[in-house]
Structure formats: C-alpha cells, structure tokens
Amino acid sequence: MEKKLIDDLLEKALKLKPSERYFLVEVLMRSLEERDEQIEKAWIEESKRRLRAYREGAMRSVPLEEVFDQ
C-alpha cells in the first residue's frame, strides 16, 4: 500500500470521535486474528526446518537467560 494512502487514512482516522476510533481499532484488530493458511503453512515448514537443523547439530539452542541478557 502506498504511503500517501496510509497517511490519508491516518489523517481521517485521527479526526474521528474517540468512540469511532475505538470501533475502527477493534475492527482492525479482529482482522489480524483471521488465520492465513499460507502464513500458517510457511511457519509450520520453518518450524520443521529449525527442529531438523537443531537435531542434526546445525543449530544450537540458546538459554532463555542469555536471550534476555542481550
């Protein structure tokens, strides 16, 4: 989507009453909860690839503490 269109939408949305903005946010958030079969399939394949790499020793695990220390 082009930036000008997004900017125009944001400008109009910010002029709405708070209750109307809330409704708009709710509708947008619900739309993100819809499952996308292609994305889900891609994540399953990526998960399998990572697990296989870990089991074959090509990928190491990182302790949780180390992840959050960085």
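The values are calculated or read from the model by the stated rules, or taken from the named source; none is laboratory data. The structure displayed is predicted, hence computed values, not measured ones. Using ideal geometry, Cβ is built from the backbone for each residue, glycine included, and neighbour counts are taken over all protein chains shown. Ligands, DNA and RNA are stripped out before the accessible areas are found, and what is left, the full protein with its side chains, is counted by its heavy atoms. Shrake-Rupley method; radii C 1.70, N 1.55, O 1.52, S 1.80 Å.
Would you tally the net charge around E46, using a Cβ to Cβ cut-off of less than 12 Å, leaving E46 out, and scoring K and R as +1, D and E as -1?
Taking every other residue near E46 into account, the sum is +3.
Nearest 10 degrees, 0 to 90: what angle lies between the long axis of helix 3-14 and the longest principal axis of the chain (Cα atoms)?
So the inclination is approximately 60 degrees.
If we count every other residue with Cβ under 15 angstrom of L16's Cβ, Lys/Arg +1 and Asp/Glu -1, where does the sum land?
0
Once R0 is set to 25 Å, what does the formula 1/(1 + (r/R0)^6) return for the Cβ-Cβ distance between D8 and D36, expressed as a FRET efficiency to the nearest 0.05? Please list the in-between numbers first.
On the way: r = 26 Å, r/R0 = 1.04.
Efficiency for this residue pair is about 0.45.
Angle between the Cα long axis of helix 18-32 and the longest principal axis of the chain, 0 to 90 degrees, nearest 10?
Value to nearest ten degrees: 30.
For the pair E45/E66, report the inter-label distance in nm, with labels modelled 7 Å from Cα in the Cβ direction.
3.0 nm
Excluding residues on the same chain fewer than 8 positions from K15, give the lysines whose Cα lies under 30 Å from its Cα.
Leaving aside lysines fewer than 8 places away in the same chain, those within reach of K15 are K3, K4.
Any idea what angle helix 37-55 forms with the longest principal axis of the chain, computed on alpha-carbon atoms, 0 to 90 degrees, nearest 10?
So the helix axis and the longest Cα principal axis differ by about 30 degrees.
Per residue of the chain, what 222 nm ellipticity follows from adding -39500 (n - 2.57) for every DSSP H run with n ≥ 4, rounded to the nearest 500?
Mean residue ellipticity, 222 nm, calculated: -23500 deg cm²/dmol.
Over the stretch 14-70, with the other protein chains present, what is the accessible area per residue in square angstrom, probe 1.4 angstrom?
Per-residue value: 103 Å².
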